[in-house]
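Peer 1: Mind looking over this structure? Questions follow.
The values are calculated or read from the model by the stated rules, or taken from the named source; none is laboratory data. Small disclaimer: the values here were computed from a predicted structure and weren't measured. So basically every Cβ, Gly included, is an ideal-geometry build from the backbone, and we count neighbours across all protein chains shown.
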2 protein chains.
Amino acid sequence: MKPVAVLGIGQTPVDEHWDKSLREIGGEAIFAAMADAGLEKADALYVGNMLSPLVSGQNQLGTFFSDWAGLWHKEAMKVEAACGSGAAAFRAALMAVASGEVDVAIALGVEKMTDKSGHDVTAALATAADADYEVEQGVSFVGLNALVMRRYMYEHGWKHADFAPFSINAHANAVHNPNARLREKITLEQFEKSAMVATPINLLDASPIGDGAAAAILVPAEKVKSVPGRPRVLVAGSASATDTIAVHSRRDPLFLSAAYQSAKRAYQMAGVTPEEIDVFELHDAFSIMSALSLEACGFAERGQGPRLGLENEIAVTGRIPICTRGGLKARGHPVGATGMYQIVEVIQQLRGECGPTQVEGATIGMAQNIGGSGATILTHILKIG
Amino acid sequence: MKPVAVLGIGQTPVDEHWDKSLREIGGEAIFAAMADAGLEKADALYVGNMLSPLVSGQNQLGTFFSDWAGLWHKEAMKVEAACGSGAAAFRAALMAVASGEVDVAIALGVEKMTDKSGHDVTAALATAADADYEVEQGVSFVGLNALVMRRYMYEHGWKHADFAPFSINAHANAVHNPNARLREKITLEQFEKSAMVATPINLLDASPIGDGAAAAILVPAEKVKSVPGRPRVLVAGSASATDTIAVHSRRDPLFLSAAYQSAKRAYQMAGVTPEEIDVFELHDAFSIMSALSLEACGFAERGQGPRLGLENEIAVTGRIPICTRGGLKARGHPVGATGMYQIVEVIQQLRGECGPTQVEGATIGMAQNIGGSGATILTHILKIG
């Protein structure tokens, strides 16, 4: 595949943007990324979004945003893979540039979720699961993840408090991210006493929804020999893999086989091993997912993911820093935008722009975005080069 | 761009499939295309769909179908561009193969529309338009097209009956297509007397909705030196272009500038002129769109599209045969699937499989798929080579 670089990044804070429309928050991220890249035009726009038909009554989001960004007559399309939509849009943009068809591609992840009631949003999020065989039974999306977490605790002997470090680490890092939704530290006591959502997942195991948008500009690497004042960031690895859509259909619901497959292919493509990853933005929609993702990607043995948290190896000074900008847990989880936030945050790390949560000397970073309960998993490896 | 060939095609009849689920009709098209290609595996699946979140409560359709097709651990994503979703999925598959990332890609267009009431489907289709500035005013999708048709008739002096040949031709051709929804001829008198939908668009100006799915298998051209018994079909041209999403924002609402741009780029890429196109499957969602598409793509002067119908140049024996399998008007318009039906039908023509509506000696065909009221337009040129 032809080498591709990321020339610019942009984001808008994750928040309840009641004063801004879907159009405005997506536009903010696009314009920020274009300004960061020093460009005024692009050839194509790939938009990752999950909920706009259900929440905003708006489809055709590619053209909706290309129009708003003044990209008339350019290519545009929307890509959807539930909560994995953001990274899927990035991958679509990557393939367009790598194919030689497109020279300057914008990948945008955008989601506006807070315009509807919590009940409506919960129902909308359930469309990520299998409508015929899961949702039909009355299970919600958090309910599905709760079943997985409960089984994991039973099989591997962990207690609920053992998952606390994932949320505590994410919140501690979010304090230093101006784009994070929950910029406040939490304690173990708060974690243990927070309100139950779906046993054993409580409020501080779960990521908050939000409105948000993040974008990146992809170009052929050969066109970016050097950008003054900052390193060139290459897309070194990219892979997407799927599992069954329904959790109950899996041979082993406690192993993210799609994460294993997509990480394996991304490592191969980038020519790196897990040991070489300096920073890892993983998909901690629920604390259990941090454990499963770390295991599937080769950072922990099966059933031992929580140990990395308990031993402080996930901190920015640890062996595998995760959620360095707050993760889904504290930066927030505007579902179709999340994958692009992760990629943008990894690039901020590679550029050394992360202040108190900067991973010293980071040159290789990984972002992993998950659609559904482990059904669609995209892994991207970015590196300075 | 690396040359890409279409190795197999498949489709399910457009109908009211009350006895089959979304999963089943999409699966039928995938399995038919795989069988046609003589393959049992694929590396990636790109699914075009517009309405499943709203009609079926199902998102993440890429993985939904990769699971059903047994493509576990493979890549899958959904692509959406309103009624242009089908061709957008084909283009995503094309870029994946052209980039070298994917060897065997399935492009699927699928839509299940008849499980909801007409009122619900009309509301769902309106999500193709601008929710804030068009739908908010109470206009429906057919209403928007009616405004365009009325203005066109006023500007260019055509009367309603002048559009009849488009519908009469489509219905006459559909009689010979076992996958068409409306396999019956219509007369000028029926056309003129049919029930009004949104003045001046009546029932026989408008395409019927339906459930349907069509698929194609894309592979690097170099891997298909020759297929016994049939010609190799190459993707010679592919382009996507956009306009403003709202019709009222356009400088000239009677000119499909996105069709002009995408056709121009597809012609350039394929190295052909409009005169060399043997068959053209265009997006006749409403009769006015046939006229506008023919004009924008270089087959008629501005305002003169209806003349091609009146002079019988759109018949299979005419200068530019259109809707040779029934078009949207009579094959039916399962919105997110339509673009894939068009591509599959062009390939049937190039293979000489169209019986009484075969265009003799067809070697180059074009398919044009439109999302929204001319907002997203994808043009593909296929040729024997």
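Peer 1: Could you go through segment A:171-181 and let me know if any residue there is within 28 Å of A:G352 (Cβ to Cβ), outside any helix (DSSP H, G or I) and among the polar types (S, T, N, Q). Don't jump to the end; show me each part of the working.
Peer 2: If we filter segment A:171-181 for residues that are within 28 Å of A:G352 (Cβ to Cβ), which is where we start, we get A:171-181.
Of the ones still in play, those that are also outside any helix (DSSP H, G or I) are A:175-181.
With among the polar types (S, T, N, Q) added as a condition, the list becomes A:177, A:179.
Within segment A:171-181, one or more residues are within 28 Å of A:G352 (Cβ to Cβ), outside any helix (DSSP H, G or I) and among the polar types (S, T, N, Q).
Peer 1: A follow-up question, please. Quick check: anything in segment B:85-105 closer than 18 Å to B:E24 by Cα and in a strand (DSSP E or B)?
Peer 2: Within segment B:85-105, none of the residues are closer than 18 Å to B:E24 by Cα and in a strand (DSSP E or B).
Peer 1: Can we say B:A35 is more than 21 Å from B:T114 (Cβ to Cβ) and either assigned to a helix (DSSP H, G or I) or modelled with pLDDT of 95 or more (or both)?
Peer 2: On the way: more than 21 Å from B:T114 (Cβ to Cβ): yes; either assigned to a helix (DSSP H, G or I) or modelled with pLDDT of 95 or more (or both): yes.
Yes; evaluated as a whole, the condition is true for this residue.
Peer 1: Then there's this: Of all residues in segment A:266-315, how many are within 12 Å of A:T379 (Cα to Cα) and buried (at least 19 other Cβ atoms within 10 Å of the Cβ)?
Peer 2: Qualifying residue count, segment A:266-315: 10.
Peer 1: Let me ask something additional. Looking only at segment B:255-272, how many residues end up being away from chain A (no Cβ under 12 Å) and farther than 18 Å from B:G365 by Cβ?
Peer 2: Matching residues across segment B:255-272 total 1.
Peer 1: Same structure, new question: Could you list all residues from segment B:48-70 that are closer than 26 Å to B:S238 by Cα, of a type in the set (A, V, I, L, M, F, W, C), at the interface with chain A (Cβ under 8 Å from one of its Cβ atoms) and not in a loop (DSSP other than H, G, I, E, B)?
Peer 2: B:L61
Peer 1: Those residues that are in contact with a strand residue (DSSP E or B) (Cβ under 9 Å, 6 or more places away or on another chain) and more than 14 Å from chain A (Cβ to nearest Cβ), I need them from segment B:114-149; list them, please.
Peer 2: Correct list: B:T114, B:V142, B:G143, B:N145, B:A146, B:L147, B:V148, B:M149.
Peer 1: Right, A:H73: under 27 Å from B:S262 (Cα atoms), surrounded by fewer than 24 Cβ atoms within 10 Å (Cβ to Cβ) and either more than 13 Å from every other protein chain (Cβ to nearest Cβ) or touching a strand residue (DSSP E or B) at 6+ places or on another chain (Cβ under 6 Å) (or both) or not? It would help to see each step written out before you state the result.
Peer 2: Working: under 27 Å from B:S262 (Cα atoms): yes; surrounded by fewer than 24 Cβ atoms within 10 Å (Cβ to Cβ): yes; either more than 13 Å from every other protein chain (Cβ to nearest Cβ) or touching a strand residue (DSSP E or B) at 6+ places or on another chain (Cβ under 6 Å) (or both): yes.
Answer is yes for this residue.
Peer 1: In segment B:323-333, is there at least one residue being within 17 Å of the chain's Cα centre (by Cα) and farther than 18 Å from B:N169 by Cα?
Peer 2: The initial filter retains those residues of segment B:323-333 that are within 17 Å of the chain's Cα centre (by Cα), namely B:323-333.
In the following step, the residues that additionally are farther than 18 Å from B:N169 by Cα were identified as none.
Among the residues of segment B:323-333, not one is within 17 Å of the chain's Cα centre (by Cα) and farther than 18 Å from B:N169 by Cα, which makes the answer no.
Peer 1: Filtering segment B:1-59 down to residues that are of a type in the set (K, R) and farther than 28 Å from B:L125 by Cα, which residue is surrounded by the fewest Cβ atoms within 10 Å (Cβ to Cβ)?
Peer 2: Quick first cut of segment B:1-59, residues of a type in the set (K, R) only: B:2, B:20, B:23, B:41.
Cutting the leftovers down to farther than 28 Å from B:L125 by Cα gives us B:2, B:41.
On the way: B:K2: 13, B:K41: 11.
This residue is B:K41.
Peer 1: Which pairs do you get when a residue that is more than 10 Å from every other protein chain (Cβ to nearest Cβ), found in segment A:364-377, comes within reach of a residue that is small (G, A, S) and in a loop (DSSP other than H, G, I, E, B), reach meaning Cβ atoms under 8 angstrom, with the pair 6+ apart or on two chains?
Peer 2: Filtered contacts from segment A:364-377: A:N369/A:G84; A:I370/A:G84; A:I370/A:A285; A:S373/A:A129.
Peer 1: Please determine whether any residue of segment B:91-102 is β-branched (V, I, T), more than 10 Å from chain A (Cβ to nearest Cβ) and in contact (Cβ under 8 Å) with a residue 24 or more places away in the chain. Quick ask: steps written out before the conclusion?
Peer 2: Our first condition is that a residue be β-branched (V, I, T); within segment B:91-102, this holds for B:97, B:102.
Within this subset, residues satisfying the condition of being more than 10 Å from chain A (Cβ to nearest Cβ) are none.
Within segment B:91-102 (the criterion being β-branched (V, I, T), more than 10 Å from chain A (Cβ to nearest Cβ) and in contact (Cβ under 8 Å) with a residue 24 or more places away in the chain), the answer is no, since none of the residues qualifies.
Peer 1: Any idea which of (1) farther than 11 Å from A:S287 by Cβ; (2) surrounded by 20 or more Cβ atoms within 10 Å (Cβ to Cβ) is the one A:H156 doesn't satisfy?
Peer 2: (2)
Peer 1: Just wondering, is there one or more residues in segment A:216-228 that are surrounded by fewer than 24 Cβ atoms within 10 Å (Cβ to Cβ) and farther than 21 Å from A:I384 by Cα?
Peer 2: No, because not a single residue in segment A:216-228 is surrounded by fewer than 24 Cβ atoms within 10 Å (Cβ to Cβ) and farther than 21 Å from A:I384 by Cα.
Peer 1: Now a separate question. Can you tell me which residue in segment A:237-254 is nearest to B:L61 (Cα to Cα), limited to those that are within 9 Å of another protein chain (Cβ to nearest Cβ) and of a type outside the set (S, T, Y)?
Peer 2: The qualifying residue nearest to B:L61 (Cα to Cα) is A:I245.
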